[in-house]
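The values are calculated or read from the model by the stated rules, or taken from the named source; none is laboratory data. As the structure is a computational prediction, the values presented were derived from the model and not from experiment. As a convention, Cβ positions derive from the backbone with ideal geometry for all residues, glycine included, and neighbour counts pool all protein chains shown. Ligands, DNA and RNA are stripped out before the accessible areas are found, and what is left, the full protein with its side chains, is counted by its heavy atoms. Shrake-Rupley method; radii C 1.70, N 1.55, O 1.52, S 1.80 Å.
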Amino acid sequence: MADDIMAVPEITVLGIGNVILRDEGFGVRVAEHIDALYDFPDNVQVLDGGTLGPELLRFVTGTKNLLILDAVKGTGKPGTIYTFRDSNVDKHFQDKLSAHEIGIQDVLALLDVTGRPIPHVTVMGAEPYDLEAGLELSEGLKKLVPKLTDMAIDELRSWGVDVREKKEHGRENIGKVAEESVRERIDAAM
């Protein structure tokens, strides 16, 4: 297992969610937006964690600051924005929206149990409007992507990250996609 863990940057922005269930993919869409608009120093990685669970361990072990972007099932009405930090992150996972949240919760717990906890974890997200099958966000959450992007950038800056806008905006696509990396690794092993 130790051989499977790679050196990771100090700061990780992790979008999680199932993009085929409309608003469930909100975190991934915000991460894509961030990656399309901003450049970061080498100590920052932006990942599409999709619906990966324990497989994420190799992408976050050793990171010091983890920013998780996700659809958040809370007590508010659709579109309500939530932020949880450090010891309050467990509150986010109490009402699990889907299996990937169980997976990331397991990753964080495993890191704690093995003596490698992530010192600073922040979860940001919004209450979904629509969890039906579909690839596009609902109009309500689509409108919140820029706001969550700004909040995430503010969080990164508070962590001392030198965030710079890209001179030319590329397609909104994650440069380093966790799911694709795992698939490539599995294909190479076969």
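Only one of V60, V72 is farther than 21 Å from K147 by Cβ and of a type in the set (A, V, I, L, M, F, W, C); which?
Exactly one of V60, V72 is farther than 21 Å from K147 by Cβ and of a type in the set (A, V, I, L, M, F, W, C), namely V60.
Hey, can you tell me all the residues within the range 94-142 that are hydroxyl-bearing (S, T, Y) and either open to solvent by 80 Å² or more (accessible area, probe 1.4 Å) or at pLDDT 75 or above (or both)?
Those that are hydroxyl-bearing (S, T, Y) and either open to solvent by 80 Å² or more (accessible area, probe 1.4 Å) or at pLDDT 75 or above (or both): T114, T122, Y129, S138.
Among the strands (runs of 3 or more DSSP E) contained in the range 13-85, which hold 3 or more residues that are under 13 Å from the mean Cα position of the chain (by Cα)?
Passing ranges, in order: 44-50, 65-71.
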